[in-house]
Amino acid sequence: MSTQTPSIQTPQAIRGTQDIFGPDAEAFAFVVETFERVRKLYRFRRVEMPVFEKTAVFSRSLGETTDVVSKEMYSFEDRGGESLTLRPEFTAGIARAYLTDGWQQYAPLKVATHGPLFRYERPQKGRYRQFHQIDAEVIGAAEPQADVELLVMADQLLKELGIADGVTLQLNTLGDGASRDAWRAALIDYFRAVKGELSEDSQDRLERNPLRILDSKDPRDKPFTADAPKIDDFLSAEAQDFFAKVTGGLDAAGVEWTRAPALVRGLDYYRHTAFEFVTDRLGAQGTVLGGGRYDGLMEALGGAATPAVGWAAGIERLAMLVGDQYPSTDTEVVVFTELTELENLAISVASAIRAGSPSELAVHADLLISGSPKKRYQKAKASGAWRALSIEGLGGVLGIARLRDLNVESASPVRSRIKAALETRFNIQETEVANAHTWVLVSKK
RNA sequence: GCGACCGUAGCUCAGCUGGUUAGAGCGCCGGUUUGUGGUACCGGAGGUCGGGGGUUCGAACCCCCUCGGUCGCCCCA
């Protein structure tokens, strides 16, 4: 406890940033670890990307006039006067690298990454200014099988995270460029005819982004969205065939999906497949994983036309769904001694069992050698550790290590693992006294 | 950018219609007690009541501004 009264003001954290700790941090780590494992199964190559780029990387790919560019990016000038932007997404930076680093030679290229992203938005449940995503992209593959590959991987990821229940895959196609333009024109005609009866927001959307009227939350719009023109009536034969191959592939892989004809993307470069894995357990932010095919993006960055498809998912949202259902991070053994003169022996024992023999069988151990020696047993018990290894004195030898149950919930076998680890450092004698396994630490090796 | 609610010890909160030195539980530190045992008792550290201004004899409590939090709208790459 600090008894000082500092005169300086502690700076506050930046709005919309989070200090993730405790169960939230464990769930977060579980999401990342599971993603890493699954992406390797699907042979996606890991990439590490810069956290900031020239502003043009994002403004060109997203479209100069969109809200997201004009008011939702963290942009600043560096000392040379160049406009830079903290990445608001992974896709544009990866697309830039594909063009500037010669990654075309690896096409079709499957890549995966994760890390922090930044968007200047008002924080709310599941939305932060610095947040984190996992991301997977397939670049240079025009075939619908790439979409399938990505979706099957996403489906497996959600299942392995144990959060697939209550999450549904909503799938749609936006068709090719011609299909999409025809549909868009039809939607504008349809909604313009009833413009006066739409919500103010949707009247505005009619000019800016008519597709978005379809997923309006305003009840005044619902009567009209139900009967709005459907993309299916405007799909070219090629677009229909593409979508059929995507759905056929999902069925073959056993991935459940729901057709969502109103599911659209906010940006113009999307083509064909659009999808979201959605839950109703996260308030207003129901999308846990979303993506689609963005065949128009590379050209927006000055590259050759290159088909690509990808998805991203918010780690915080996935972690919220995981809740406390992550693998145990409990302390298996807490090492302590109530005798100050044996503290170094306790340090030695703790390091031995943490190193393990072999190392895969190392023990998850905490070490308690601070504070009042007499209260260490109480603290050990209160720590929630399953078992304790108490270091006690005995004449003529270094001391003894006694294994005792504290809060045993699991039959996790630690005794043999501890014994093997101790034998790497000590000459020991094993005894058994009053339900407690006890090793006499005779001498150091 | 807009709206609603909220802001008292490290944490969870109490504090009556504004009224003397702002409280509890938990946690933390120390002591005594106990000595197969997370006990019991005693003591201690820790609060500019988010910040600023105003009304009042008097403000944690009323008013204004501001900062922050939560949730929603817009937007959603």
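When only Cα pairs under 8 Å and 6 or more residues apart are kept, what is the percent relative contact order across chain A? Answer for chain A is 14 percent.
Normalised Debye scattering of region A:333-444 at q = 0.20 Å⁻¹ gives log10 I(q)/I(0) of -1.06, counting only Cα atoms as equal scatterers and leaving out solvent.
Over chain A, dividing the summed -39,500 (n - 2.57) contributions of all DSSP H runs of at least 4 residues by the number of residues returns a 222 nm mean residue ellipticity of -10000 deg cm²/dmol.
Normalised Debye scattering of region A:73-120 at q = 0.20 Å⁻¹ gives log10 I(q)/I(0) of -0.80, counting only Cα atoms as equal scatterers and leaving out solvent. In this structure A:Glu77 has an accessible area near 130 Å², from a 1.4 Å probe over the protein heavy atoms. Expressed in units of 2.2 N^0.38 Å, where N is the residue count, the Cα radius of gyration of region A:16-117 is 1.26. Against chain A, whose longest principal axis is taken from its Cα atoms, helix A:177-192 shows a tilt of about 70°.
Take every pair of alpha-carbon atoms less than 8 Å apart whose residues are at least six positions apart; their mean separation over the length of region A:333-444 yields a relative contact order of 28 percent. A simple charge model with +1 on the Cβ of Lys and Arg, -1 on the Cβ of Asp and Glu and nothing else charged puts the dipole of region A:183-273 at about 120 debye relative to its Cα centre. Taking a Cβ cut-off of under 15 Å around A:Asp233, the surrounding Lys, Arg, Asp and Glu residues balance to a net charge of -1, with basic ones at +1 and acidic ones at -1. Which of the three applies to region A:160-206, rounded, prolate or oblate, going by the alpha-carbon gyration tensor with a ≥ b ≥ c and a/c under 1.5 meaning rounded? Verdict is oblate for region A:160-206.
If you plug the beta carbon distance of A:Lys222 and A:Thr10 into 1/(1 + (r/R0)^6) with R0 = 60 Å, you get a FRET efficiency near 0.75. With both labels modelled 7 Å from their Cα along Cα-to-Cβ, the A:Lys195 to A:Gln240 distance reads 3.4 nm. The long axis of helix A:91-100 is offset from the longest Cα principal axis of chain A by roughly 80 degrees.
Tell me, what % of the accessible area of chain A is carbon and sulfur with a 1.4 angstrom probe? C and S atoms contribute 49 percent here.
For a paramagnetic label modelled on A:Asp19 (point 7 Å from Cα along Cα→Cβ), amide N atoms under 18 Å away belong, within region A:117-153, to A:129-131. Restricting region A:188-274 to trypsin sites (Lys or Arg not before Pro) that sit in a DSSP loop and have at most 10 other Cβ atoms within 10 Å of their own Cβ leaves A:Lys217. Averaged per residue, what accessible area in Å² does chain A show with a 1.4 Å probe, protein chains only? Per-residue value: 50 Å².
Placing +1 on the Cβ of every Lys and Arg and -1 on the Cβ of every Asp and Glu, with nothing else charged, gives chain A a dipole about its Cα centre of roughly 1400 debye.
Volume of the convex hull of region A:318-382 (Cα atoms only), normalised per residue: 104 Å³.
Over chain A, the reciprocal of the mean inverse Cα-Cα separation, the Kirkwood hydrodynamic radius, stands at 25.9 Å. Given R0 = 51 Å, the distance between the Cβ atoms of A:Glu360 and A:Gln285 translates into a calculated FRET efficiency of 0.80.
The values are calculated or read from the model by the stated rules, or taken from the named source; none is laboratory data. Source: prediction; values computed, not measured. Note: ideal-geometry Cβ built from the backbone for every residue, glycine included; neighbour counts use all protein chains shown. Accessible surface is based on the protein model in full, side chains and every heavy atom, while ligands, DNA and RNA are left aside. Shrake-Rupley method; radii C 1.70, N 1.55, O 1.52, S 1.80 Å.
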